[in-house]
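So the structure is just underneath, and the comments pick up after that.
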Amino acid sequence: DYYSGGAFKLNGTDQTVDRLSGTTKTLTVDGGTSAMTLTLRATASDESKALLNGSLSLVYAPTDPGFVQTINGGENTMNGTITVSNGTFKATGTATFRNVTAIDVEDGAVFDIGEAMNEGGLTDVREVVVGANGKFVMSANNAPPFTDNAVTLHLASSSEFTIPDGETLYVKDYYLDGIRQDAGPYAGGTGPFRGNGTVYAEEHEVPTVE
């Protein structure tokens, strides 16, 4: 278990921990320069003022789907991927993940960016996958955190992807149940999209099936 304060160095090897918790002091998790994975096998819901840095990928795999891991505040410079295989992973306060390249929300899991993350909070993300009954949650007050026309969405028809109210999200491509969709627009309430915003996929032609 790792609590607030100090530093946790992975030293070039993948690691599995049970808990990240504590909000009184910052805990720095340093992935170093070699690509490695931190698996958080949560045994409870926790909130942590952790900073996840370096060549690090994170897998949130709690022992109970009702558990929530909250990362509260700070600029996380980790440059790998985030996988939520179960439960809810939530970034709140001033937390950003600007260098993360992909987010995979597996069946029934939830990725929630909270109310504070705004434009640029997920700058380098190029792929978002949301599985069956999974959720990618943005609040009504968020500005789109992605780079325009950079992200490819892979959504299941039973998933939910929230668009912030009044905002337009421009993505590179949009696949629904593995099938490439047209450019849109897609409003909240259309398919897996929720909220009162709009999604446009970059202009492209959908292949004709004969």
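The values are calculated or read from the model by the stated rules, or taken from the named source; none is laboratory data. Fair warning: this is a prediction, and the values are worked out from it, not measured in the lab. Each accessible area value is taken on the protein alone, full model and side chains, heavy atoms only, with ligands, DNA and RNA left out. Shrake-Rupley method; radii C 1.70, N 1.55, O 1.52, S 1.80 Å.
For the reader, a short list of remarks on this structure follows.
- Take the chain with all the other protein chains still there, run a 1.4 Å probe, and you get 44 Å² of accessible area per residue.
- For volume of the Cα convex hull per residue in Å³, calculated from these coordinates, the label among [x] 111; [y] 178; [z] 99: [x]
- Region 70-116 and region 49-68: distance between their alpha carbon centers, rounded to Å: 8
- Here the chain exposes an accessible surface that is 44 percent carbon and sulfur, computed with a 1.4 Å probe and the other protein chains kept in place.
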